[in-house]
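The values are calculated or read from the model by the stated rules, or taken from the named source; none is laboratory data. Everything numeric here is computed off the predicted structure, so don't read it as measured data. Every residue, glycine as well, gets a Cβ built from its backbone with ideal geometry; the counts of neighbours run over all protein chains shown.
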Amino acid sequence: MAQMIANAIRQAGTNFVESLALFLPRVVTTLAIIIVGWLIAMLIRTLVRGLAGWLRINVAAERFGVAPLLRTADLPPADALLGAIVFWLVWLGFLLSGIDVLGFTSLQGLLASFWAFVPRLVLGLAIFVIGFVVANFAWRATLLAAVNARVPSPRLLSGAVRWLVLILTGAMALEQIAVARSVVLTAFAIAFGALSLAVAIAFGIGGGGIAKRILEHQFPEQQQSSADEISHL
Amino acid sequence: MSSPLPLSVPAPQPLWYKDAVIYQLHVKTFADSNGDGIGDFKGLSSKLDYLTDLGVSCLWLLPMYPSPFRDDGYDIADYYSIHPSYGTLDDFREFLDAAHARRLRVVTELMLNHTSDQHAWFKEARSSRDNPRRDWYVWSDTDDRYSGVRIIFVDIERSNWAWDPESKAYYWHRFFSHQPDLNYDNPAVRDEMWNVMKFWLGLGVDGFRVDAVPYLIERENTTCEGLPETHDVIKFLRTQLDAHFPDRMLLAEANQPELVRSYFGDGDEFHMAFHFPLMTRMFMAVRLEDRKPLVEVIERTPEIPETCQWGIFLRNHDELTLEMVTDVERAYMIDEYAHDPVARIYLGIRRRLAPLLDGDRRRIELMNGMLMSMPGSPIIYYGDEIGMGDNIYLGDRNGVRTPMQWSGGWNAGFSTTDPERLAQPVISNPLFGYQAVNVESQKRSEHSLLNWMRRLIAVRKSSPVFSRGSTTFLKPANHRVLAYLRTLDKEQVLCVYNLSSSAQAVELDLQSLAGALPIEMFGRSLFPRIGELSYMLTLGPYAFFWFKLRRF
Amino acid sequence: MAQDSVLSDELLHHLMAVGHVDVLVGVPTLNNAGTIRLVVKAVHQAFARYFPRDRTVLINSDGGSNDGTPNLVRNASADDTETLTVSHSLRTVHRISTPYHGVPGKGNALRQIMTAAELTQARAVAVLNADVSSITPEGIASLVRPVRDQQYDYVAPVYRRHPLEGPLVTQLIRPLMRAAYGWQIREPLAPEFGCSNRFVTHCLEQDVWDSELGRVGIDLWVTGEALAGSFRCCQTGVSPHPATSSRTPFGELFGQIVSTAFACLERHATYWIGRNGSESLPLTTPLPSSSVEAPATDGSRLTEAFARDLQNLQSVLEPILSQDTLTSLTRLAEKQGSHIRYHDDLWVATVYEFLLAYQRGVMRREHIVQALAPLYLGRTGSFLRQYSSAPEAEVDEALESLSREFERLKPDLIQHWHRSPR
């Protein structure tokens, strides 16, 4: 009996060692992949940062108002941020590849879904960035136009425009990433609808005069602003 | 070389002057046969072959009458004789016959307006107030009659009246003070002048160039120029002429663009008159490189009777007159053509053709080409056919009346006398002087100016369209090109001139001539047939074309 | 795809016929039927009176008028006075009216005129404004003569105006151009000028014609090119001032002119960075000493909204202005409100900082220029209120000291200009 138990234990030990022997190379491979991946990710990050420098991403970020936002959020400057994002994505990819090698069935699908997820994430981020830039641009353009046209509450107006655009593109981005789709869709619909309703009510009831003034500004013959009174040239 | 034909008077050919190519010369400076330094008729006779060879058909001689020569012969002391320096009346007769034998007509000067103060008539008239000839001139006790009348020789004379110390009175003179005006209110004067004309016409002279026509009659409160009474005098003389000597010609010298038409009358006054404005405008157009002045002057030229003809010319023995142009035009001409103030005299420029055009052969050809194709009878001034120069430092207008340059030798072949004895010095500067410019060398060179002029005259004479045709201007967009059509019945010649010193392209609207074939008249080359589209021509600097338009 | 040539066949045809000229006068038009006949008449009178011996041509570059302007130009000889002038001229009178391709705008018209000037080898060129009925033959001659007789390359007009008129020029453009380029040019925006063939050739070689600058700001650009190149420039008194009926609303006008000015300064930076102070330009024809009336408005309404505008635009102005300037302005607006006194040095600092922001491109350039507009109105209102009842000489002195302030602060501008990252 003791002999059988000892044999079983010996067998189990041998099995264990065998499995371990089979498993260890995989671990080594995984580690190797992870380390190589890290190096490659670093390299790519440097390349991306270089590319960003050559493309003058920082300057563009300044122009489009992205850079102040990053500074407020205590994030690194645009090219570094971009580099960091790329680094993490690449490394994450290698990480998951490495884990995949280990052969844990429960994690098998993870890599596939990761590779499916990344493009959507990138696209979503791109939409958000573009939307952000557009919102900024629209905000400034509206503000300047309103100020020069003597429209009252220019800041309110331009702020409203900006938030509208941000909400819209935020929703679009989130949908693209496909995170909590239904929730996002519903929340957006409610928010957008409410905002539009509010603006319409405000305009309709309280903003008749403003509308009149804005329309009159479109047709300057009917009314001169004070700036047009004198001859500037 | 033609051998002299039997002596004959040219066959009667009315209107011969309309087709004439006239050569103006000064006997005094043409050819000297007796070595006294002054040209004479014998010398002139010896050069008639040269003139026939050139192709001219009529000679116009500057005054050849006895004269004290204070106005180069225009101050006449005897109407019925020849100046002894030029020879005798017989010499003149021989010359006239020789000319006629070569079918050359001869036109001499008729000085109607005034005589020299050395003329026997004036000597008599001034001797006393009761002299029968007194009334042959215009006398006054005061010099304020006819006040305001302009003075012609402004540089020399200060008044139109001169004081005669002999008879203690003023006498009227529109020209120099030694040229008293004859009084045409006196019928005796009129009759006598007809006698003068009769005398010369009787010898065979073919016509008269009448100097100073507008000034014959004076009336108070007028300009004393071109008055109706003056025309009456002319009509009288012309009637006599037609009655006794048909086939002769009267040529008026009247520099009054507005009034010149009146000297043709209704075909009952002068046969011909000089077209002064055209001459000035030709020089102006070439300088401006713009046809505008030329086209304007011809379009403004009045219509003249069928039997009449314009005398057109580039230069003559007088200054290039700028009397009758606007101030802007005069200032322009003076600045462009007479930088040197010595070249200016009275209201004009005393230069010959070649120096005026800087000796530029192309421009000389262009100007002569225009002259030979414009409406009128062209007059060539002696020496301009070889491009003679001038001497503005000689007094008055003598600078353009220097001896003809026959050869590069002794006195330019004009005379065998000592050079110091010459009546006028020969032009000797290296550019235009006789060593460079003379008949002998140019005869030997096929492409000399002389030979070119011969060919030009020959082409002109080849078609009556030049002398008798109508003139229609084409006005292409390129203002540097002058183009006009000469038409006579079915014959048409298209003349195109490049007035600019740079090559030009021009598009002519010749739609009305569609179908015609232009044949260039000098080389007889064929040019593309005229179609419906505009006709493109290119011309080198100062080049010109005469195209005969043929239809097949 | 073949590009539309500046030189249309029709124009080429005309130029072939015209040949070489001594004086070329160009008149760009777009629906100027009201005034064009007077302009053409004045040009022909100038030719006849002052240039009777010169080869001349009048070229009208039309942007597609639908009121018959080109026909009025071509048929101008119907006028009796015209015929008299024409018939007494020595030379053929040339007059061409031709359309130009591309977007209607002075840039395209000017390009065509300059091309024609180059091809005809015009010794002297004058470009006139067709919008004006007060042009005189003397004025035209005074633009041509310095080029033709004294070998100047560029002649700018000087007008007799009240110093309170035209604040956009007197408060901003003129002192800025003067301080930058170092030349005391009085009318940098003048729509008419005279120039030489050398200058024309130079302008045609530049790449401005297809740009925005070429479309709306060509007048100022021409001035800038003349001052920045090695060209002999001068000024001439032309009277009276062409009172244009400006149909553009203020906002658009301000944007066009100021962006042109900034773009010009950016273009010519290598020239003006080395220059200090300013030199006067020779005046070849003196101005007639007539008196001018002060303009009617006192500009008090212009500063009403200043404080509010400043507050509204805070976030836009922050990236543009320096902390000091913005603070000073805000404090000024708070304390004085609609009776603001916008000092010279503060205004100059404002302008220069805007110029630097424009050069660095801290945000879209149109926005930078638009943001300057309310500040300009504040400054103008402040100036007008202060000097509306002052004698002319005093106002002139005030403008002179403003110019000197621009010159004084120029080294700061240069210093920051170099430091801007590119």
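General remarks:
- A:L110 being in a helix (DSSP H, G or I) and either crowded, with 17+ Cβ neighbours inside 10 Å or modelled with pLDDT of 80 or more (or both): no
- Residue match in the stretch C:307-328 (condition: modelled with pLDDT under 80 and either over 24 Å from the mean Cα position of the chain (by Cα) or farther than 25 Å from A:H232 by Cβ (or both)): no
- Scan of the stretch A:146-166 for residues that are surrounded by fewer than 18 Cβ atoms within 10 Å (Cβ to Cβ), small (G, A, S) and either at negative phi or not assigned by TED's automatic domain parsing to the domain that holds A:A126 (or both), ordered by number: A:A149, A:G159, A:A160
- Residues that are surrounded by fewer than 21 Cβ atoms within 10 Å (Cβ to Cβ) and part of a helix (DSSP H, G or I) within the stretch C:129-144 comprise C:P137, C:E138, listed in sequence order.
- Restricting C:L332, C:L375, C:L409 to those that are among the hydrophobic types (A, V, I, L, M, F, W, C), buried (at least 21 other Cβ atoms within 10 Å of the Cβ) and not assigned by TED's automatic domain parsing to the domain that holds C:G274 reduces the list to C:L375.
- Unique residue being modelled with pLDDT of 85 or more and either more than 26 Å from A:G103 (Cβ to Cβ) or assigned to a helix (DSSP H, G or I) (or both) when the list is A:V17, A:V36, A:V27: A:V36
- Scope the stretch B:387-409; condition part of a helix (DSSP H, G or I) and either buried (at least 20 other Cβ atoms within 10 Å of the Cβ) or charged (D, E, K, R) (or both); matching residues: B:G399, B:V400
- Some residue of the stretch B:377-386 being in a helix (DSSP H, G or I), of a type in the set (D, E, K, R) and either buried (at least 21 other Cβ atoms within 10 Å of the Cβ) or on the phi < 0 side of the Ramachandran plot (or both): no
- Strands (runs of 3 or more DSSP E) (entirely within the stretch B:207-282) containing at least 2 residues that are acidic (D, E), in contact (Cβ under 8 Å) with a residue 24 or more places away in the chain and under 28 Å from B:I380 (Cα atoms): none
- Filter result for the condition that a residue is modelled with pLDDT under 95, within 23 Å of the chain's Cα centre (by Cα) and not hydrophobic (A, V, I, L, M, F, W, C), over B:R129, B:R174: B:R174
- Identity of the residue in the stretch C:145-176, more than 14 Å from every other protein chain (Cβ to nearest Cβ), crowded, with 21+ Cβ neighbours inside 10 Å and touching a Pro at 6+ places or on another chain (Cβ under 7 Å), that ends up nearest to C:T350 (Cα to Cα): C:V155
- Only residues that are farther than 18 Å from B:L482 by Cα and over 32 Å from the mean Cα position of the chain (by Cα) were counted across the stretch B:513-528, and they come to 8.
- For the stretch C:257-277, the criterion of a residue being modelled with pLDDT of 90 or more and within 10 Å of chain A (Cβ to nearest Cβ) is satisfied by at least one position.
- The residue that is modelled with the highest pLDDT, among those in the stretch A:178-230 that are within 14 Å of chain C (Cβ to nearest Cβ) and assigned to a loop (DSSP other than H, G, I, E, B), is A:I230.
- Matching residues, the stretch C:278-312, being outside any loop (DSSP other than H, G, I, E, B) and either more than 14 Å from chain A (Cβ to nearest Cβ) or of a type in the set (V, I, T) (or both): C:E279, C:L283, C:T303
Results for (1) under 14 Å from B:H114 (Cβ atoms); (2) of a type in the set (A, V, I, L, M, F, W, C); (3) within 22 Å of the chain's Cα centre (by Cα), shown as yes or no for each residue.
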| position | (1), (2), (3) |
| --- | --- |
| B:N183 | yes, no, no |
| B:M197 | no, yes, yes |
| B:R219 | no, no, no |
| B:G226 | no, no, yes |
| B:E229 | no, no, no |
| B:D232 | no, no, no |
| B:R238 | no, no, yes |
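- Pairs with Cβ under 7 Å, 6+ apart, first in the stretch A:132-158 and at the interface with chain C (Cβ under 9 Å from one of its Cβ atoms) and over 15 Å from C:E366 (Cβ atoms), second of a type outside the set (D, E) and not in a helix (DSSP H, G or I): A:R150/A:S225; A:R150/C:A305
- Applying the criterion of being within 9 Å of another protein chain (Cβ to nearest Cβ) and either in contact with an Asp or Glu (Cβ under 6 Å, 6 or more places away or on another chain) or free of Cβ contacts under 8 Å to residues at least 60 places away in the same chain (or both) to the residues of the stretch C:345-372, the residue that is surrounded by the most Cβ atoms within 10 Å (Cβ to Cβ) is C:A371.
- The residues on offer are B:R261, B:R281, and the sole one that is over 16 Å from B:L112 (Cβ atoms), buried (at least 17 other Cβ atoms within 10 Å of the Cβ), basic (K, R) and out of contact with any helix residue (DSSP H, G or I) (no Cβ under 7 Å at 6 or more places or on another chain) is B:R261.
- Some residue of the stretch C:184-204 being hydroxyl-bearing (S, T, Y), more than 14 Å from chain A (Cβ to nearest Cβ) and surrounded by fewer than 18 Cβ atoms within 10 Å (Cβ to Cβ): yes
- Condition check for B:F466: outside any loop (DSSP other than H, G, I, E, B), more than 26 Å from B:R70 (Cβ to Cβ) and within 14 Å of chain C (Cβ to nearest Cβ): no
- Members of the stretch C:313-329 that are crowded, with 20+ Cβ neighbours inside 10 Å and either in a loop (DSSP other than H, G, I, E, B) or within 9 Å of chain A (Cβ to nearest Cβ) (or both): C:L313, C:V316, C:I320, C:L321
- Breaking point among (1) in contact with a helix residue (DSSP H, G or I) (Cβ under 9 Å, 6 or more places away or on another chain); (2) not in a helix (DSSP H, G or I); (3) not acidic (D, E), for B:G359: (1)
- Residues of the stretch B:284-320 that are of a type in the set (V, I, T), assigned to a helix (DSSP H, G or I) and either in contact (Cβ under 8 Å) with a residue 24 or more places away in the chain or more than 16 Å from B:A273 (Cα to Cα) (or both): B:V286, B:V295, B:I298.
- Test for A:A67: is it free of Cβ contacts under 8 Å to residues at least 24 places away in the same chain, under 30 Å from A:A126 (Cα atoms) and surrounded by 14 or more Cβ atoms within 10 Å (Cβ to Cβ): yes
- Hits in the stretch A:39-64 (condition: outside any helix (DSSP H, G or I) and buried (at least 19 other Cβ atoms within 10 Å of the Cβ)): A:F64
- For C:G274, the conditions (1) assigned to a helix (DSSP H, G or I); (2) surrounded by fewer than 20 Cβ atoms within 10 Å (Cβ to Cβ) all hold with the exception of (1).
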